[in-house]
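Undergrad: Encoded as structure tokens, here's the structure I'll be asking about.
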Amino acid sequence: MKTYINTAVGRFVITGMGNKITSVRIENESKRFAGQLPSYMAACANELRSYFQDGLETFKTDFSLEQGTEFQQKVWRELLNIPYGKTTTYLKIAEKVANKNAVRAVGNSIGRNPFAILVPCHRVIGTDGSLTGFAYGIETKRWLLELEKSKLYGKQHKLF
């Protein structure tokens, strides 16, 4: 089952099965779900809206990381430890889940993250502080990081 919500960074497609969210992605589909949403999908959509509007920092949505490989799941779980409004590097993630030589594998795993925003891959930056590698574009990544900092520190957020 799918549902769609519009946000400041694009249309999100939330998919679910068996009372769990199976993916959250940004897509440019013009479809709209008509009908009664299961409560777990409605809750996910509401949490995403709250993230964008109110600065929700922690998601309670139940989702399953089982669709990835063991290594991908390890990386995705580590992403969940990055605090709202903060960043870390690909190298630091690699050191936590394997070793410093696994940076490329970590980057590939992050690029396959099926849970945009819920698993905050946008909070991972290059070792030199540069914004690199984001499935939905660097400007979207910058926007999300600015949004979190503005909500966290009370500054007005501007879209680019």
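Undergrad: If you stretched the chain out fully between LEU152 and PHE71, how much longer would it get, using 0.36 nm times the residue separation minus the C-alpha to C-alpha distance?
TA: Length difference between fully extended and current span is 26.0 nm.
Undergrad: Something else: Taking the solvent-accessible surface of protein heavy atoms with a 1.4 Å probe, what is the per residue accessible area of the chain in Å²?
TA: Per-residue value: 55 Å².
Undergrad: Next up: For the range 65-114, give the magnitude of the charge dipole about the Cα centre (Cβ charges: +1 Lys/Arg, -1 Asp/Glu; no others), in debye to the nearest 20.
TA: 180
Undergrad: Next question, about the same structure. Take every DSSP beta bridge with both residues inside the range 1-153 and express the antiparallel ones as a percent of the total, to the nearest 5.
TA: Roughly 75 percent of the beta bridges in the range 1-153 run antiparallel, per DSSP.
Undergrad: Can you tell me the dipole magnitude for the range 1-159 around its Cα centre, using point charges on the Cβ only (Lys, Arg +1; Asp, Glu -1), in Debye to the nearest 20?
TA: That gives the range 1-159 a dipole magnitude of about 160 debye.
Undergrad: Place +1 on the Cβ of every Lys and Arg and -1 on the Cβ of every Asp and Glu in the chain, take the dipole about the Cα centre, and give the residue among GLY137, ALA102, MET1 whose Cα lies farthest towards its positive end.
TA: GLY137
Undergrad: Continuing with the same structure: Once the piece of chain linking GLU57 and ASN101 is laid out straight, how much longer is it, given 0.36 nm per residue of separation minus the C-alpha distance between them?
TA: Computed gain between GLU57 and ASN101 is 12.7 nm.
Undergrad: How far is helix 70-79 tilted, in degrees, relative to the longest principal axis of the Cα atoms in the chain, given as a value from 0 to 90 rounded to the nearest 10?
TA: 90
Undergrad: Turning to a different aspect of this structure: What's the angle, to the nearest 10 degrees (0 to 90), between helix 39-54's Cα axis and the longest principal axis of the chain?
TA: That helix lies at roughly 60 degrees to the long axis.
Undergrad: Turning to a different aspect of this structure: Could you work out how far the C-alpha centroid of the range 101-150 sits from that of the range 50-90, in angstrom?
TA: One Cα centre to the other: 11 Å.
Undergrad: For the chain, which whole-number percentage of the solvent-accessible area (1.4 Å probe, protein heavy atoms only) is attributable to carbon and sulfur atoms?
TA: Answer for the chain is 47 percent, counting heavy atoms of protein chains only.
Undergrad: Let me ask something else. In nm, give the distance between the simple-model label positions of LYS2 and SER130, each being 7 Å from the Cα along the Cα-to-Cβ direction.
TA: 3.5
Undergrad: Now for a separate question. Restrict the search to the range 49-93; then list the GluC sites (Glu not before Pro) that DSSP places in a loop and that have at most 13 other Cβ atoms within 10 Å of their Cβ.
TA: GLU57, GLU66
Undergrad: Going down the table (LYS2/LYS100; LYS2/LYS60; LYS100/LYS151; LYS2/LYS74; LYS20/LYS100; LYS60/LYS100), which pairs top 29 Å between alpha carbons?
TA: Numbers: LYS2/LYS100 38 Å; LYS2/LYS60 19 Å; LYS100/LYS151 32 Å; LYS2/LYS74 26 Å; LYS20/LYS100 33 Å; LYS60/LYS100 31 Å.
Long pairs (Cα-Cα over 29 Å): LYS2/LYS100; LYS100/LYS151; LYS20/LYS100; LYS60/LYS100.
Undergrad: If DNA, RNA and ligands are ignored and the probe is 1.4 Å, what is the ranking of MET41, MET1 by accessible area, most exposed first? The partial results should precede the final answer.
TA: Numbers: MET41 0, MET1 105 Å².
Ranking MET41, MET1 by accessible area, largest first, yields MET1, MET41.
The values are calculated or read from the model by the stated rules, or taken from the named source; none is laboratory data. Note that this is a predicted model, so its numbers are computed, not measured. Virtual Cβ from ideal backbone geometry, glycine too; neighbours counted across all protein chains shown. Ligands, DNA and RNA are stripped out before the accessible areas are found, and what is left, the full protein with its side chains, is counted by its heavy atoms. Shrake-Rupley method; radii C 1.70, N 1.55, O 1.52, S 1.80 Å.
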